[in-house]
Amino acid sequence: MHAAVVTTFDSAPRYQEFPAPVPADEDQMLVDVLAAGLHPRVRSQANGSHYTSTDELPLVPGIDGVGRGPDGRLRYFILPDTTMGAMAEQTVIDVRRSVVLPDDTDPVAVAAAMNPAMSSWVALRQRVPFQPGQDVLVLGATGSAGQMAVQIARLFGAKNVIAAGRDAGRLAALGATATVRLDGDAGETALGQAAADVDVVIDYLWGEPAAAAMIAVIAHRGDRGKPLSWIQIGSVAGPTAPIPSAALRAARLQIVGSGQGSVSAREYVAELPAIAEAIAAGTLDVDARAVPLADVEQAWAAAADAKQRIVLLPRLS
């Protein structure tokens, strides 16, 4: 079969022949892969920088996708940490980490949206006691996951959703209650004022921007005894954040992470049917671009700056 194959961590995967995988037990199933999303998490898997990386090569990247099994049913699946990922004509899935989809489901939409939607959906369901009527700040709202987070916070009943990011054009199109362009000291002040009394922060940035945002929000907070849950999900602005100790003492602040390890596979799987239903029903807007798997090298080069989530199609290669 053909697959996208990583043979070195300093270059993009290449489209080439690769041995077909074989199920090892009764809980596994060989599926024909119809669509696999090229997520930031997949890029970090392929360059060896993700915290779950084992440095084992060669590997086929891809952490999730949509496939059809020998039973004819369409499934969305999440793969365990493995060197046999979703960016191949076939892969082996654990049926316990999958959900059956209606036959008329668009595989591209599901493959594009499930991963970015899952990050905020699971965070608000599993990591903090979020309640309808609370206010949410999405930090890094102009990325794919951030855009989904704005929609999901509203879907879950947030009273106000403040979206913060650098791309003014994308911010304007998000449908948030308020938007803040992160642009130096002026942006930090505006953020502090707009998000002073939020209950939850969904943070895709981390690094120095997150530390600056945290200080700005706390400095403008009307009631510092009001709980503030800061959910750290992504780190596009840096792996470490210089948070001053005073920030932890000056407000009732709770910093939690949401990702593999802090959320179990069982907890992720429990949320899959509802997320898939929301995507299939069109409740969540999806902006995707389908690309044949044979063009994986070009897609990889374009992914970092792409405004749409790229989805690779092994069956069109």
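The values are calculated or read from the model by the stated rules, or taken from the named source; none is laboratory data. It should be emphasised that the depicted structure is a prediction, and the values quoted were computed from it without experimental measurement. Please note: Cβ atoms are built from the backbone with ideal geometry, for glycine as well, and neighbour counts cover all protein chains shown. Surface accessibility is based on the protein's heavy atoms, side chains included, excluding ligands, DNA and RNA. Shrake-Rupley method; radii C 1.70, N 1.55, O 1.52, S 1.80 Å.
Results, tabulated for the structure shown:
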| item | result |
| --- | --- |
| Pairs, first of a type in the set (Gly, Ala, Ser) and surrounded by fewer than 24 Cβ atoms within 10 Å (Cβ to Cβ) in the range 104-124, second assigned to a helix (DSSP H, G or I) and at pLDDT below 95, C-beta under 7 Å, six or more apart | Ala109/Ile279 |
| Close pairs from the range 229-245: first over 20 Å from Asp197 (Cα atoms), partner open to solvent by 50 Å² or more (accessible area, probe 1.4 Å) and of a type in the set (D, E, K, R), Cβ under 7 Å, at least 6 apart | Ala237/Glu208; Gly238/Glu208; Ala241/Glu208; Pro242/Glu208 |
| Check on Arg224, part of a loop (DSSP other than H, G, I, E, B) and open to solvent by 70 Å² or more (accessible area, probe 1.4 Å) | yes |
| Selection within the range 157-173 - surrounded by fewer than 19 Cβ atoms within 10 Å (Cβ to Cβ) and in contact with a helix residue (DSSP H, G or I) (Cβ under 6 Å, 6 or more places away or on another chain) | none |
| Whichever residue in the range 296-317 is free of Cβ contacts under 8 Å to residues at least 24 places away in the same chain and not in a loop (DSSP other than H, G, I, E, B) and, among such residues, is least open to solvent (accessible area, probe 1.4 Å) | Ala302 |
| Sole residue being under 14 Å from Leu313 (Cα atoms), among the basic types (Lys, Arg), open to solvent by 10 Å² or more (accessible area, probe 1.4 Å) and without any contact (Cβ under 8 Å) to a residue 40 or more places away in the chain, chosen from Arg73, Arg68 | Arg68 |
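Listed here are the residues, each with its yes/no results for (1) more than 19 Å from the chain's Cα centre (by Cα); (2) of a type in the set (Gly, Ala, Ser).
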position: Leu253; (1), (2): yes, no
position: Ser264; (1), (2): no, yes
position: Glu267; (1), (2): no, no
position: Glu271; (1), (2): no, no
position: Thr283; (1), (2): no, no
